[in-house]
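Student: The structure under discussion is supplied below as structure tokens; questions concerning it will follow.
The values are calculated or read from the model by the stated rules, or taken from the named source; none is laboratory data. The model shown is predicted, which means the values in this text are computed figures rather than measured ones. Heads up, the Cβs are rebuilt from the backbone with ideal geometry, glycines too, and the neighbour counts pull from every protein chain shown. The protein model used for the area step is the full one, side chains on, heavy atoms only, and it has no ligands, DNA or RNA in it. Shrake-Rupley method; radii C 1.70, N 1.55, O 1.52, S 1.80 Å.
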Amino acid sequence: MTIERAAVQQTVIAVVEELLDAIDSEYEEAVSDATWLIADGGFSSIDFVQMTVMIEEQLGSKIGFQDMLMQQGQYVDDLTVGQVVDFTVDRLTHPQAAQAAAPVVAPAATPVDVTGPRVTEEDVAAFSRLIKPRRVLPATGAKNKRAVFILSPPRSGSTLLRVMLAGNPALFAPPELHLLSYATMNERREDLSNEHSEHLLDGTVRALMQTRGWTGDQARRFIADCEDSGMSTREFFGVIQAELGERLLVDKTPTYAFSEDILRQAEACFDDALYIHLTRHPCGMIRSYEESNLTRMMPLLMKNSEFSMSALAEMIWLVSNRNILSFGESVPAERWFSVSYEQVVSQPEPSMRRLCQFLDVDYHPDMINPYSDSKSRMTDGVDSASKMSGDLKFHLHSQIDPNAATRWQQFCSEDMLGAQTLDLVANLDSSPASVRL
């Protein structure tokens with residue numbers, strides 16, 4: 001197969017230019033093979049992921065970029081545009097390499113030295129004041145029929161779990177809906193319509209595209225009418241459910257866990273809702289949060305904070321899990337299921353079989369093949385896969401990676417965690433959703 005390097009180069013440069021514009025990079029030179037993505041363009045890890053997803057989408061081929069971005073278990077320090085072009089050309093020329101690509105196995109764990117102050121309870125109180133309060137939805141009218149909610153902090157593996165559940169024909173698991181946090185569709189639009197969070201509006205768009213066979217524009221026009229009419233988010237949940245027949249709606253929106261008041265709306269709005277508490281070891285979540293530079297994309301968190309990124313991540317983990325556990329005390333045990341990210345990636349089939357039993361649906365083997373059929377699993381985004389609501393790093397893999405459960409041990413250790421976080425880790429470790437392996 002003959003691959004024209006010039007054509008690939010043109011595609012890569014166009015993608016890089018689009019991303020540089022999106023992140024307001026100060027780089028003003030013409031993008032060329034010699035352009036360094038970090039040193040010149042100011043890319044973060046999430047920008048690398050967006051770049052690779054956009055390249056694969058525009059070329060219509062799975063490249064397997066994880067082998068380019070990770071070497072011996074660690075991310076590369078920087079890449080030039082020319083290196084990206086050459087890697088892409090090589091993979092297009094030898095597609096079997098992309099098919100065989102798998103996440104690199106990490107070397108033996110070497111805990112790092114930990115310095116600096118640990119998070120205190122006073123820090124947690126200050127952090128909690130940064131979270132925007134949410135209006136409680138009015139508890140009027142008939143409840144919607146049963147739905148399923150995945151409850152977890154961000155960066156806990158909820159995108160992978162959602163896509164696995166989407167492989168079951170008895171379930172409908174769209175990208176993050178961001179509905180429960182708002183009273184009305186118009187309030188939701190006003191809060192999320194900014195450069196950092198506008199992509200979070202697309203989960204509902206993608207859901208309507210899937211259920212009604214609409215284009216993105218058709219779905220957006222319909223949602224705009226719902227917003228202009230003052231439709232409640234409870235009603236909009238019902239609009240989605242009306243198209244599902246007997247399928248269960250699964251809502252995976254990690255920011256729900258930022259507020260116990262938000263979580264309680266699930267009980268107010270749905271008849272006997274089911275809850276999946278997804279846990280992950282805090283060090284794994286912190287590492288993932290830092291890699292993705294998630295703070296700049298957080299719609300519910302004030303950006304001007306004196307906390308370090310790792311401290312913010314730890315407090316998000318702690319506050320979210322505290323809220324989930326407190327809320328769970330009021331939910332009957334038969335409607336509550338706990339599972340850990342570590343279990344999902346190391347024991348995918350047993351974990352999915354237990355989940356199916358809890359949800360009262362038949363197990364389906366496609367559930368443990370989450371990287372197949374991107375259209376039906378809604379991992380392709382609305383306009384571009386790079387704008388998929390959820391974890392873009394999902395696209396870097398071609399199969400479930402059990403090493404992802406403990407890879408954080410190369411970079412950090414529990415010694416960095418505050419006493420209150422360690423207490424909760426110990427509590428979770430003794431629960432059905434063990435966060436250690």
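Student: Within the chain, what whole-number % of the accessible surface is contributed by carbon and sulfur, with the 1.4 Å probe and all protein chains included in the calculation?
Tutor: Looking at the chain in its full context, I get 48 percent from C and S.
Student: Here is a follow-up. Return the distance in nm (one decimal) between the two label points of a simple spin-label model at Asp261 and Asp429, each offset 7 Å from Cα along Cα→Cβ.
Tutor: It works out to 3.6 nm between the two label points.
Student: Full extension from Arg129 to Gln218: what is 0.36 nm times the residue separation minus their Cα-Cα distance, to one decimal in nm?
Tutor: Fully extending the segment from Arg129 to Gln218 adds 28.1 nm.
Student: From the phi angles alone, apply the Karplus equation (6.51, -1.76, 1.60; θ = phi - 60°) to region 405-420 and give each ³J(HN,Hα) in whole Hz, x where the residue is Gly or Pro.
Tutor: Going residue by residue, I get 5, 10, 4, 4, 5, 5, 10, 7, 9, 5, 4, 7, 8, x, 4, 5 Hz, with x marking Gly and Pro.
Student: Calculated from DSSP H runs of 4 or more alone, at -39500 (n - 2.57) each and per residue, what is the 222 nm mean residue ellipticity of the chain, nearest 500?
Tutor: Estimated from H runs of four or more residues: -13000 deg cm²/dmol.
Student: Also: Answer with a single label: of [x] 38, 24, 21; [y] 43, 33, 21; [z] 33, 27, 22, which was calculated as semi-axes √(5λ) of the Cα gyration tensor in Å from the structure in view?
Tutor: Only one option fits the structure, namely [z].
Student: Through the Karplus equation 6.51 cos²θ - 1.76 cosθ + 1.60, θ set to phi - 60°, convert the phi angles of region 254-263 into ³J(HN,Hα) values in whole Hz; use x for Gly and Pro.
Tutor: x, 5, 4, 6, 5, 9, 5, 4, 5, 4
Student: With the Cα gyration tensor of region 1-73 giving a ≥ b ≥ c as the square roots of its eigenvalues, does the rule (a/c under 1.5 for rounded; else a/b larger than b/c for prolate; else oblate) give rounded, prolate or oblate?
Tutor: Taking the square roots of the gyration eigenvalues as a ≥ b ≥ c, region 1-73 is oblate.
Student: Over the chain, with the other protein chains present, what is the accessible area per residue in square angstrom, probe 1.4 angstrom?
Tutor: 42
Student: Quick one: if you stick a label point 7 Å off each Cα along the C-beta vector at Asp362 and Gln399, how many nm between them?
Tutor: 2.7
Student: So for the chain, averaging the separation of alpha carbon pairs under 8 Å that are six or more residues apart and normalising by length, what relative contact order in percent results?
Tutor: Value for the chain: 25 percent.
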